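The values are calculated or read from the model by the stated rules, or taken from the named source; none is laboratory data. The model shown is predicted, which means the values in this text are computed figures rather than measured ones. In this analysis, Cβ positions are derived from the backbone assuming ideal geometry, glycine residues included, and neighbour counts consider all displayed protein chains.
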Amino acid sequence: MKLEGTHELEATRERVYQSLVNPDVLQRCIPGCQRLERTGENTFAATIRAGVGSIKGVFDGNVRLEDLREPDHFRIVVDGKGPPGFLKGAGDLDLQQEGAITKVKYAGDVQVGGTIAGVGQRMIQGTAKMMAVQFFTCLGAEAKVAPGEPPPKQGFFRNALRWFSGWLKSLFRR
Amino acid sequence: MIPAAFDYKAPATLEEAVSLLAGDPDGAKVLAGGHSLIPAMKLRLAQPQLLVDIARIKSLSYIREEGNQILIGATTTHYELESSDLLKRICPLLPACAATIGDVQVRNKGTIGGSIAHSDPAGDWPAAVLALDADLVLVGPNGERTVKATDFFIDLLTTDLQPGEILREIRIAKPSGRFGQAYQKVPHPASGFAVVGVAVHLSLNDDGSCKSAQIGVTGVGTKAYRAEGVETALAGKSLDEQTIAAAAAHVCDGVDPNADLYASSDYRCHLAQIHTKRAIQAAKA
């Protein structure tokens, strides 16, 4: 399956590139990423809880970055597997700066197999698109923050709401 | 094809169901007709800890006309909607849409509320309730709230429904004046899901021209949506061949059409245009 798209981020190309190859940022921004560990110079091991709605699965996998040409290009190679199926693929990311905006263009080919491919075929591309939007929205926020400063609090508002509704609930139960 | 272990509760009232869900908002899941949830559980793509079966709550299944509104209970089955004489008379889009869903077995068990809450990108009901500009009544531990269908569908399998909330009722304004409705669909040959599905509700002037149009589209994007480009192109126009064709060309505006083994993105958009045209023609007739 081909995956491609373009996202625009409000940050310099250098900053976006740095964020894209920074495992701490990636762990915060990859939707459902529970673990991302460096296993070599440009290789990482990851555990990702991916899914939408009630359909969820935990995938274990490896990520390798290749062909690093800072600040405009790298290639990412992934393979992973979990109870719902497996995936492997590779994609190229190209960064292009236009004024204050950096355009990230990605194009890749992913093979998906197992249960998820058999029954969820019509949903795979939609899920991938949705995760890409979440990822780049988060990355955009990360790339705006100067290095050394604390990362943006993505979940602050949601956490506050959850806390508030929990508090209301406890009031009702009393 | 055997699901992971789970608990099962069949409450007798909606209040009881809400309090069961509140006990474990993330691990509990509402079971209605079960025609999407159970297959996902059997494949272990979904592994809820607790199923709260609301299909046995009698007071959740009804089709009523109340003032200028049509009220539909969440666990009303596709078949009940398909065969309702009341709906055939006052809002024929609903029975027309119901008749295209799955097969007889699916229609006997599957529910309108389940389909809407699941928000399958190719589900039929989301398109119909969008075209009818329905209100959805959700009930949760903090009481009841009403959400417009146009605000309810957020993304693939994702809705405004919060953990612990249950969709209770679908409210539709009773169509008045001169109007026309139609549902056009290309079913997937194996699953019956919509490769594309187009629901049209037209308000017509006395001379047969279009006062306003509401068009819900499913199967094309990651969620069902209102084809606003088409609606704008029809509003206030006389519905001749050219106007309809020109309007239908806008059906994929702002949407990145899905691609899968059955239909590429371009083919899917092409199908959507053709069937939008046919649905508008059928609705005005």
Test: residue A:120 is of a type outside the set (A, V, I, L, M), in contact with a strand residue (DSSP E or B) (Cβ under 8 Å, 6 or more places away or on another chain), modelled with pLDDT under 80 and within 21 Å of residue B:256 (Cα to Cα) | yes
Taking the range B:35-52 on its own, how many of its residues are touching a Lys or Arg at 6+ places or on another chain (Cβ under 7 Å) and either more than 10 Å from chain A (Cβ to nearest Cβ) or aromatic (Phe, Trp, Tyr) (or both)?
-> 4
Selected residue (criterion: surrounded by the most Cβ atoms within 10 Å (Cβ to Cβ)) from residues of the range A:33-57 that are away from chain B (no Cβ under 14 Å) and farther than 23 Å from residue A:70 by Cα = A:48
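Residues are listed down the side, and each one gets a yes or a no for (1) away from chain A (no Cβ under 14 Å); (2) under 27 Å from residue B:192 (Cβ atoms):
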position: B:241; (1), (2): yes, no
position: B:246; (1), (2): yes, no
position: B:259; (1), (2): no, yes
position: B:276; (1), (2): yes, yes
position: B:279; (1), (2): yes, yes
Of all residues in the range B:143-170 being among the polar types (S, T, N, Q), modelled with pLDDT under 95 and not in a loop (DSSP other than H, G, I, E, B), the one that is nearest to residue A:56 (Cα to Cα) = B:158
Considering only the range B:230-281, state which residues are touching a Phe, Trp or Tyr at 6+ places or on another chain (Cβ under 9 Å) and more than 18 Å from residue B:195 (Cβ to Cβ).
-> B:254
Single match in B:90, B:63 (criterion: of a type outside the set (Ser, Thr, Tyr), farther than 20 Å from residue B:122 by Cα and either in contact with a Pro (Cβ under 8 Å, 6 or more places away or on another chain) or buried (at least 22 other Cβ atoms within 10 Å of the Cβ) (or both)) = B:90
Would you mind telling me which numbered condition in (1) out of contact with any strand residue (DSSP E or B) (no Cβ under 7 Å at 6 or more places or on another chain); (2) at pLDDT below 95; (3) buried (at least 19 other Cβ atoms within 10 Å of the Cβ) residue B:222 fails?
-> (1)
Spot the failing condition for residue B:19; the list is (1) farther than 28 Å from residue B:192 by Cβ; (2) within 25 Å of the chain's Cα centre (by Cα); (3) within 11 Å of another protein chain (Cβ to nearest Cβ), and only one is missed.
-> (2)
Residue list for the range A:58-67, filter: surrounded by fewer than 16 Cβ atoms within 10 Å (Cβ to Cβ) and touching a Gly at 6+ places or on another chain (Cβ under 8 Å) = A:58, A:60, A:62
Would you please name the residue that is surrounded by the most Cβ atoms within 10 Å (Cβ to Cβ), looking only at residues in the range B:239-264 that are outside any loop (DSSP other than H, G, I, E, B) and more than 22 Å from the chain's Cα centre (by Cα)?
-> B:247
Residue match in the range B:55-65 (condition: touching a residue at least 12 places away in the same chain (Cβ under 8 Å), under 11 Å from the mean Cα position of the chain (by Cα) and away from chain A (no Cβ under 14 Å)) | no
Pick from B:160, B:135, B:151: which is free of Cβ contacts under 8 Å to residues at least 12 places away in the same chain and either under 15 Å from the mean Cα position of the chain (by Cα) or buried (at least 18 other Cβ atoms within 10 Å of the Cβ) (or both)?
-> B:151
